[in-house]
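A short write-up of the structure that comes next.
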């Protein structure tokens, strides 16, 4: 199938004029029958990479997804585009499931979304064999592929059995997709899903539209309130807390202060969780206060902020949670309040858990990487990308460290001591042990390895253990040291350490300022508008377009973003189309949506034009 026909579907069905990034290469590869592993950030357009091939290849595309809410959202959105889509999961009745299966076998469906548990049933696999003989299977798409990894943050054991798809249907192309996978997780996806021969498409993980910000805790709730009032009145967002109790208390506290805030955690009954989630998806300006039980599969594109009142568990978790903001590509904020208490809580959770020691070591290493991110003086985007093994040229100019550089101190000599200690102890010990050696603390473990006899023993007494720990975390965050997973998180030197040890390069590390003494102008510099465009919340046409979208969404019982994304409304606002042909040029307005909604939105634009005269 030619790329031109892929472009036709992209424009006519989905309403976009051009592919982004590697989308076109992925589509062409899968259409030609090739297997693919796709790593693409949230909001990067992963769904199109299997939806378009499913429409181009003969037969039905089978999409494996672990997320019931996401299946329903995607199927609703596809139906509005004129695509014949359905889903099978535990949320539908036996009669409804039979009806979907009948449509499947009669070749009526372009795409079928199915939960992995159902897919692995013998009866369903037999159904797929019937489908293959009747009208054919276009492809298998394995969404959220990181769920296959035992080291991943969303491990789902049933994903391990998905190799059966290749064994029983070897001629059907498979496309595995994920937004979060470091190198070890990527390797495990390839191994567990037998994708050794698949072509890998790795897009940049950079979410350039998200402004990362980390602040020292100093009455975190009040800090959160100031952030919301200054930057996000009337915006939808998510506030993450570690405990269920804190979720409920924070939601109640925000509600008392006039915010439309709802709680969400696994301890609430299913009906309350469903009702609160539905309100968040279908209404504008709702703030969800939640544990990490909320969010995976939430496809709401206009979440304008994600705030953390507690430290996440890992960089992967942080990346995925903050990635729920700004999926429409418009400006969004990721705000994190961080304090020493978070470190103590997270470490005690890891140490007190029932996981095997190997798993605990890995979790400690992941936590250290996140702490290094919090303490970093360099561009936040660079630090995030470095963690995922991606180089990033230049500062983003948007995160807190770029907008307002922090106070630093000349740590060249301590850094040389720290690096020398790593080298002399064999590059296989963690920061705690290395700090003991530098301070001159003759613990049983230090003596066991004869590290009390090294030249680095006791040379760093001027700093305490917490300060040395901070030095090591910042050296890891800067890429001067790296944690070796195979050595259970032991630190080892990178090439970047060489010029420092030779005295050819100085090292400056973060000195956290007293939060009480922060200048008002610093807050003002960082807290500039993150609305889709300056003054959006006061712009009459913008508000009228959003109101029309909300009205249509309520009439049809779907979330507003299923009608049009904010990015489509913004393009409509900027272009001011006056005819159906002009409306068809707006990004995100395909033929089906033009026929269904074009007249309604042209009416809003016409009224605005009249009032401007």
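Tell me which residues, restricted to region 163-192, are modelled with pLDDT of 90 or more and in contact with a helix residue (DSSP H, G or I) (Cβ under 7 Å, 6 or more places away or on another chain).
The answer is 168, 169, 173, 174, 175, 176, 177.
Could you please let me know if residue 382 is surrounded by 15 or more Cβ atoms within 10 Å (Cβ to Cβ) and either modelled with pLDDT of 90 or more or not in a helix (DSSP H, G or I) (or both)?
Criteria met by residue 382.
Name the single residue that is farthest from residue 498 (Cα to Cα) among those in region 399-423 being out of contact with any strand residue (DSSP E or B) (no Cβ under 9 Å at 6 or more places or on another chain) and part of a helix (DSSP H, G or I).
Looking at residues that are out of contact with any strand residue (DSSP E or B) (no Cβ under 9 Å at 6 or more places or on another chain) and part of a helix (DSSP H, G or I), I get 402.
Please count how many residues of region 286-315 are out of contact with any strand residue (DSSP E or B) (no Cβ under 9 Å at 6 or more places or on another chain) and on the phi > 0 side of the Ramachandran plot.
Residues that pass the stated criteria total 1.
Let me spell it out: the conditions are (1) over 27 Å from residue 463 (Cα atoms); (2) surrounded by fewer than 21 Cβ atoms within 10 Å (Cβ to Cβ); (3) touching a residue at least 40 places away in the same chain (Cβ under 8 Å), and residue 352 meets all of them except one. Which number is the exception?
(3)
Within region 149-159, does at least one residue satisfy the condition of being over 16 Å from the mean Cα position of the chain (by Cα), within 27 Å of residue 24 (Cα to Cα) and outside the structural domain of residue 324 (by TED's automatic domain parsing)?
Checked region 149-159: no residue is over 16 Å from the mean Cα position of the chain (by Cα), within 27 Å of residue 24 (Cα to Cα) and outside the structural domain of residue 324 (by TED's automatic domain parsing).
Assuming residue 370 fulfils every condition listed in (1) at pLDDT 85 or above; (2) under 30 Å from residue 222 (Cα atoms); (3) surrounded by fewer than 23 Cβ atoms within 10 Å (Cβ to Cβ) apart from one, which condition is it?
(3)
Only one of 112, 119, 88 is surrounded by 15 or more Cβ atoms within 10 Å (Cβ to Cβ), at pLDDT 95 or above and within 20 Å of residue 159 (Cα to Cα); which?
112
Can you confirm whether residue 125 is over 26 Å from the mean Cα position of the chain (by Cα), touching a residue at least 12 places away in the same chain (Cβ under 8 Å) and either outside the structural domain of residue 316 (by TED's automatic domain parsing) or under 27 Å from residue 28 (Cβ atoms) (or both)?
yes
Can you pull out every residue in region 102-117 that is part of a helix (DSSP H, G or I), within 21 Å of residue 165 (Cα to Cα) and over 33 Å from the mean Cα position of the chain (by Cα)?
Correct list: 105 only.
What are the residues in region 257-272 that are touching a helix residue (DSSP H, G or I) at 6+ places or on another chain (Cβ under 7 Å) and under 15 Å from residue 246 (Cβ atoms), if any?
261, 262, 263, 264, 265, 267
Restrict the check to region 370-381 and report whether at least one residue is outside the structural domain of residue 69 (by TED's automatic domain parsing), touching a residue at least 12 places away in the same chain (Cβ under 8 Å) and out of contact with any helix residue (DSSP H, G or I) (no Cβ under 9 Å at 6 or more places or on another chain).
no
Given the residues 100, 148, which is the only one that is surrounded by fewer than 21 Cβ atoms within 10 Å (Cβ to Cβ) and either modelled with pLDDT under 95 or in contact with a strand residue (DSSP E or B) (Cβ under 9 Å, 6 or more places away or on another chain) (or both)?
100
So which pairs qualify, if the first residue must be in region 333-346 and surrounded by 22 or more Cβ atoms within 10 Å (Cβ to Cβ), the second must be at pLDDT below 75, the Cβ gap must be under 8 Å, and the two must be at least 6 apart or on different chains?
333/530
Which of the helices (runs of 4 or more DSSP H) contained wholly in region 424-496 include at least 3 residues that are assigned by TED's automatic domain parsing to the domain that holds residue 413 and buried (at least 21 other Cβ atoms within 10 Å of the Cβ)?
The helices (runs of 4 or more DSSP H) meeting that bar are 431-439, 465-477.
Can you pull out every residue in region 536-586 that is outside any helix (DSSP H, G or I) and within 21 Å of residue 283 (Cα to Cα)?
539, 557, 558, 559, 564, 565
The values are calculated or read from the model by the stated rules, or taken from the named source; none is laboratory data. Remember, predicted model here, so these are calculated numbers, not experimental data. Reconstructed Cβ throughout: ideal geometry from the backbone, glycine too, with neighbour counts over all protein chains shown.
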